[in-house]
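Please read the structure below before turning to the comments.
The values are calculated or read from the model by the stated rules, or taken from the named source; none is laboratory data. Only a predicted model underlies this, so the values are computations on that prediction, with no experimental measurement involved. Here Cβ is always computed from backbone atoms with ideal geometry, including for glycine, and neighbour counts include all displayed protein chains.
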């Protein structure tokens with residue numbers, strides 16, 4: 001029987017994340033087709049190197065924006081391939097970008113940030129000022145667990161920067177064969193999901209497409225679209 005270590009090594013070979021590591025540090029916002037405010041600000045205030053984005057000025061971008069930022073290629077896919085249910089939306093940045101660009105994404109989170117900060121407004125984004133770490137809330141996020149997936153049988157599932165907790169494995173079990181898993185993550189070993197999540201993924205799913213994503217955490221990050229076998 002194949003060991004977990006062997007399976008994960010196989011996964012690394014199948015998914016060549018280095019192919020999509022951004023190499024051009026002088027990215028030009030004029031070339032960006034889609035609304036994507038985080039990337040615009042990153043380009044203006046941060047510098048890309050092999051370790052990810054690093055600040056060359058006094059700013060709080062790493063706390064006001066999510067760890068992973070969509071590229072034009074990933075946004076194009078997300079707005080042109082059906083309805084999406086996002087699990088673990090956090091501040092709602094990805095759903096905000098998808099919906100603003102004409103797509104359809106339902107953001108959900110077990111602990112929505114707009115409720116944590118008692119924010120109730122007619123329009124977003126809203127920045128909750130904190131002396132040390134300002135937090136930007138991008139949209140209303142529905143309170144809910146990953147167990148709502150069967151209630152959205154015709155939605156693809158967006159899973160961005162999943163936690164390294166066992167419940168992440170259940171996301172794969174709850175999905176039906178017609179749904180696509182859109183995973184934004186770094187690959188094992190990483191803080192994303194669990195080793196058993198990746199084992200289930202390689203044993204029972206097929207990679208259909210791989211697109212670039214920018215990250216302030218790691219250069220080894222991408223958007224991966226999987227189909228259930």
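Which of the residues spanning region 142-177 are modelled with pLDDT of 95 or more, more than 20 Å from residue 204 (Cα to Cα) and touching a strand residue (DSSP E or B) at 6+ places or on another chain (Cβ under 8 Å)?
The answer is 148, 152.
State yes or no: is residue 163 part of a helix (DSSP H, G or I) and under 21 Å from residue 107 (Cα atoms)?
On the way: part of a helix (DSSP H, G or I): no; under 21 Å from residue 107 (Cα atoms): yes.
Taking the combined requirement at face value, the residue does not satisfy it.
Counting just the residues of region 53-75 that are under 14 Å from residue 184 (Cα atoms) and in a loop (DSSP other than H, G, I, E, B), which one comes out modelled with the highest pLDDT? Full working, then the answer.
Let us first name the residues in region 53-75 that are under 14 Å from residue 184 (Cα atoms), namely 66-71, 73-75.
Retained after the next criterion (residues that are in a loop (DSSP other than H, G, I, E, B)): 66-67, 71.
Working: 66: 76, 67: 77, 71: 86.
Across region 53-75, the extreme among qualifying residues is 71.
Based on what the data block shows, is residue 182 modelled with pLDDT of 95 or more and either outside any helix (DSSP H, G or I) or more than 19 Å from residue 223 (Cα to Cα) (or both)? Full working, then the answer.
Values: modelled with pLDDT of 95 or more: yes; either outside any helix (DSSP H, G or I) or more than 19 Å from residue 223 (Cα to Cα) (or both): yes.
Yes; evaluated as a whole, the condition is true for this residue.
With 85, 78 as the choices, which residue is modelled with pLDDT of 95 or more, closer than 16 Å to residue 162 by Cβ and crowded, with 24+ Cβ neighbours inside 10 Å?
Numbers: 78 fails: closer than 16 Å to residue 162 by Cβ.
Every option except 85 fails the conditions.
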